[in-house]
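The values are calculated or read from the model by the stated rules, or taken from the named source; none is laboratory data. Given the structure is predicted, the values throughout are model-derived calculations rather than measurements. Don't worry about glycine lacking a Cβ; one is built from the backbone with ideal geometry, like all the others, and counts go over all protein chains shown. Just the protein is used for accessible areas: all its heavy atoms, side chains included, with ligands, DNA and RNA removed. Shrake-Rupley method; radii C 1.70, N 1.55, O 1.52, S 1.80 Å.
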Amino acid sequence: MKHLFVGAWRYRHFILSSIQSEFRARFIRSRLGGLWMIIHPLAQAAIFALVLAEIMSAKLPGLVNDKLAYAIYLLSGMLAWSLFSEVVGRCLTLFVDNGNLLKKLVFPRITLPLIVAGSALFNNLLLFLAILVVFGLLGHVPGVHVLWIPLLMLITLALGVGVGLLLGVLNVFMRDVGQVVPVVLQLGFWFTPIVYTTSVVPEALRPLIAANPMTTIVHAYQNAMLLDKSPDILALGWLVLMALLLLLGSLIVFRRASPEMVDVL
Amino acid sequence: MNAVALHVSGLGKAFRSYRSEWHRVLSWFGVSEHPVAEHWVLRGISFSVAAGEAVGIVGQNGAGKSTLLKLVTGALRPTEGSVHLGGRVAAILELGMGFNPEFTGRQNVMHAAGLMGFAKRSIERAMPEIEAFAEIGEYFDEPVRTYSSGMQMRVAFSVATAFRPDLLIVDEALSVGDTYFQHKSFSRIREFQKLGTTLLMVSHDKTAIQTLCNRAILLEKGRAIKDDLPETVMDFYNALIAEKENQSIRVLEHESGRPQTISGTGDATVEDIALFNAEGERVELVNVGQPVELRVTVQARNAIPRLVLGYVIKDRLGQYVYGTNTHHTGQSLEDLVPGQLIHYRIRFPMNFGPGSYSIAIALCSRETHLANNYEWRELALVYTVSNLDKPVFVGTAWVPPTIEVQAQ
């Protein structure tokens, strides 16, 4: 396991410059470039807000009087979800897409997921700042608990990389994984209280939603950004443990699979 | 100088397939799942290369050459045996790997050198030299998508060889760009060699192997069957291919790198074919207009009712230059018995333009090979026409003119 970290450290310049050039690549041929990374989730939130606001806002407990609460609620959840789904989605096809590179060049393979994690985190930070600006324009100034967000982002990132790396390795050997996961991710979005609140969910489905680790994260985001409340520390603690175990597990699988990965690419 | 640069012992690579991929996954965790099939592409390879040596790896397609290089670089992990390296390795397995067409040459150089593990500062220090070596001028700061493939190769080669490695591994990448740049890259490799870099290269180019290497290893079906001086190994390699021709293998790789197709029932076969000059000496290089004799020996393997020999001379691009057969000339043979030998002597003046030509031979019963095709042998003979004493001309035909010039 040690050589994974040594390799990553030796290639730190490469990782940083790759993240940088990935960002630069977005700006080269489209005028708004990287801004699209922010515009897409904002636009999606706006659409949901427009379509569902009337139906949903009445059902947000404690926020009945705040007309804009739903939009803020949505954006908080989407901030968390977009980080998770970007990392999982990109890790999923990471090794398959870079097959030729892996076959012909020798470099620490761990750099690839690190580049994805780094650039996704950077995108997410930009989105976070953009959301704060939108909040400001809507007249909502988040409280001090918004400072939880960077930590929550790291937890989300760890969870995303843990899941994504595992699936990405499996996808090299079983390409069906690459087809199934996007569907599952889509389903996951709707099984997380992002566009709705847990209170509107039928009683029978609630345990299912509570079991979703992303529910805990999304709740923590919503608490921090909308309700100015600290997250449920116990639930978060369990989640951190789970994310770390998942990360460790996926690194072990990654290391065991490495020798055979190039054989089937 | 006598330190070991590369030591390979008992190296083997097998590609494994499992009953299902889940069994493969289980096998990573020590659950003893035996693979259903193991396909060995390389086995029992052992050799040692001293620092400063230049070793060529030769062999037919699928012999395991590229697999061996990938194992040495570490891109592939060996199934058995080990590779021990004495220093930093640089491999040119494919030029321009990981280039982003939207970025400039300079940015791509940063990225590619980063992939090789160099820190930003040392890349920046080497940048002026890389730019100078590529010689693409202003284009160095233009997006790579605007480059010609030759320019892309120039940049790729420059960055791949920007830092002198202890072991340089090259896979067929030397036919880069135009002749000028080819010479330039050859001399850079020679320069590296002088400074003590060990070279390991795969090539089908006989001259590249013979000029750059002082040793060659011949791979055949995943095993090293010859390890000797380049010339000895190349001769052995050619003999190996020739032996296969007699075993009536249908598609061969001709020594020129082109595939050679031999088809037919085998009822009659070409035993020997050669080109002779007027003095009766065997030639492969013929002067324009020189009279030659094509001698073909055919053996009937079974009883054949009728035998027609056809030949066609093709230029480098495979275009027919001239062809005819013994049906059209009224010289077909009838009722041949098994084992009977027939000698054909075809005399003609070599009224062709300078270039490389090949002769294909057809043995059949009629004027076309559609019925009773006994043997159709492409690239039965390859020879070169050179203009040694005629006025300069172009084209595939030698049509000597008489030119009258009147200046008033």
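Report, please, the projected area of region A:200-253 averaged over directions, based on the convex hull of its C-alpha atoms, in nm². Each step should come with its number before you reach the end.
Values: hull surface 19.2 nm².
If you wrap the Cα atoms of region A:200-253 in a convex hull and average its projections, you get 4.8 nm².
Dividing the summed helix terms, -39500 (n - 2.57) for each DSSP H run of n ≥ 4, by the number of residues in chain B produces a 222 nm estimate of -7000 deg cm²/dmol to the nearest 500.
Nearest 10 degrees is fine. How inclined is helix B:230-246 to the longest principal axis of chain B, computing both from alpha carbons? On a 0 to 90 degree scale, this one is about 50. Please give the helix B:105-115 orientation as an angle from the longest Cα principal axis of chain B, in degrees from 0 to 90, rounded to the nearest 10. Around 70 degrees separate the two axes.
Remark on B:Val170: its backbone amide H falls under 5 Å from those of B:Ile92, B:Leu200, B:Met201, B:Val202, a criterion applied only to residues 5 or more positions apart or on other chains, H modelled at 1.01 Å from N. Computed from the C-alpha gyration tensor, the three semi-axes of the ellipsoid equivalent to region B:144-223 are 23, 16, 12 Å, from longest to shortest. With all pairs of different C-alpha atoms in the average, the Kirkwood value for the hydrodynamic radius of region B:276-355 is 14.4 Å. Please name which of B:Trp376, B:Gln152, B:Ala126 has its Cα lying farthest along the dipole of chain B towards the positive end, using unit charges on Cβ (Lys, Arg +1; Asp, Glu -1) and the Cα centre as origin. Checking the options against the dipole of chain B, the answer is B:Ala126. Positive end of the dipole of the protein assembly as shown (Cβ unit charges, origin at the Cα centre): among B:His327, B:Ser356, B:Phe29, the Cα lying farthest that way belongs to B:Phe29.
Rank these residues by their accessible area, most exposed first, probe 1.4 Å: B:His7, B:His39. All intermediate terms of the calculation are to be shown ahead of the outcome.
Values: B:His7 80, B:His39 115 Å².
Reading off the accessible areas and sorting them downward yields B:His39, B:His7.
Between region B:184-208 and region B:274-307, how far is it from one alpha carbon centroid to the other, in angstrom? Measuring centre to centre over Cα atoms gives 40 Å. Let me check I've understood the local charge: for B:Ala75, count other residues with C-beta under 12 angstrom from its C-beta, Lys and Arg +1, Asp and Glu -1. What total comes out? Around B:Ala75, the surrounding residues sum to +3.
Average projection, convex hull of the Cα set of the protein assembly as shown: 45.7 square nanometres. As a test of the definition: with a 1.4 Å probe, what buried accessible area, both sides summed, do you compute for A against B, in Å² to the nearest 100? Rounded to the nearest hundred, the buried surface is 3000 Å².
Heavy atoms only, probe 1.4 angstrom, no DNA, RNA or ligands counted: give me B:Thr402, A:Thr192, B:Thr265, B:Thr396 ranked by accessible area, highest first.
I get B:Thr402, B:Thr265, B:Thr396, A:Thr192, largest accessible area first.
Per the Debye formula on identical point scatterers at the alpha carbon atoms of chain B, with no solvent, log10 I(q)/I(0) at q = 0.06, 0.10 Å⁻¹ is -0.38, -0.91. Computed 3J(HN,Hα) for region A:209-215, one whole-Hz value per residue from the Karplus formula 6.51 cos²θ - 1.76 cosθ + 1.60 where θ = phi - 60°, is 6, 5, 6, 6, x, 5, 4, glycine and proline marked x. Close amide-amide hydrogen proximity is noted between B:Arg316 and B:Ser356, each under 5 Å apart and 5 or more residues distant or on a separate chain (H modeled in the peptide plane; Pro and chain starts excluded). B:Asp267 contributes an accessible area of around 40 Å² to the protein surface, as traced by a 1.4 Å probe with all chains present. Remark on chain A: Rg and Dmax equal 19.4, 61 Å (Cα only). Placing +1 on the Cβ of every Lys and Arg and -1 on the Cβ of every Asp and Glu, with nothing else charged, gives region B:40-120 a dipole about its Cα centre of roughly 100 debye. The base-10 log of I(q)/I(0) for region A:151-265, evaluated at q = 0.12, 0.21 Å⁻¹, reads -0.52, -1.20 [Debye formula, identical scatterers on Cα atoms, solvent excluded]. Given the convex hull of the Cα atoms of region B:296-408, what is a quarter of its surface area in nm²? Its Cα hull, projected and averaged over all orientations, spans 9.3 nm².
What's log10 of I(q)/I(0) for region B:107-150 at q = 0.21 Å⁻¹, Debye sum over Cα points only, no solvent? At q = 0.21 Å⁻¹ the computed log10 ratios are -0.73.
Computed from Cα atoms, the angle from the helix A:149-173 axis to the main principal axis of chain A rounds to 40 degrees. In a shell of Cβ-Cβ distance under 13 Å around B:Gln193, excluding B:Gln193 itself, what net charge do Lys and Arg (+1) and Asp and Glu (-1) give? Net charge in that neighbourhood comes out at +2. Of all beta bridges that DSSP places with both ends in chain B, some 80 percent have antiparallel geometry. Amide H contacts of B:Tyr374: B:Thr265, B:Leu363, B:Cys364, B:Ser365, each under 5 Å away and 5 or more positions distant or on a separate chain (H built 1.01 Å from N in the peptide plane; Pro and chain starts excluded). Ranked from largest, the principal axis spans of the Cα set of region A:88-203 equal 54, 36, 20 Å. Comparing B:Ile57, B:Ala14, B:Phe47 along the charge dipole axis of region B:1-68, the residue lying farthest to the positive side is B:Ala14, per the Cβ-charge model.
With Cα atoms as the point set, region B:33-115 shows a radius of gyration and Dmax of 16.7, 49 Å.
Please give the charge dipole size of the protein assembly as shown, origin at the Cα centre, charges +1 on K and R Cβ atoms and -1 on D and E Cβ atoms. Round to the nearest 20 debye.
So the magnitude is around 1740 debye.
Taking all protein chains as they are arranged and a probe of 1.4 Å, the heavy atoms of A:Leu166 leave approximately 60 Å² accessible to solvent. The listed residues B:Lys65, B:Lys390, B:Lys120, once ranked by accessible area (1.4 Å probe) with the largest placed first, stand as B:Lys120, B:Lys390, B:Lys65.
Using a 1.4 angstrom probe, figure out how much accessible area region B:344-387 has per residue, in square angstrom, rounded to the nearest whole.
40
Counting heavy atoms of the protein chains alone, A:Arg26 has an accessible area of about 60 Å² for a 1.4 Å probe. The charge dipole of region B:19-85, taken about its Cα centre with unit charges on the Cβ atoms of Lys, Arg (+1), Asp and Glu (-1) only, comes to about 100 debye.
Pair-distance distribution of region A:145-184: all C-alpha pairs, bin width 10 Å, starting at 0; shares per bin in whole percent are 28, 38, 21, 12, 1.
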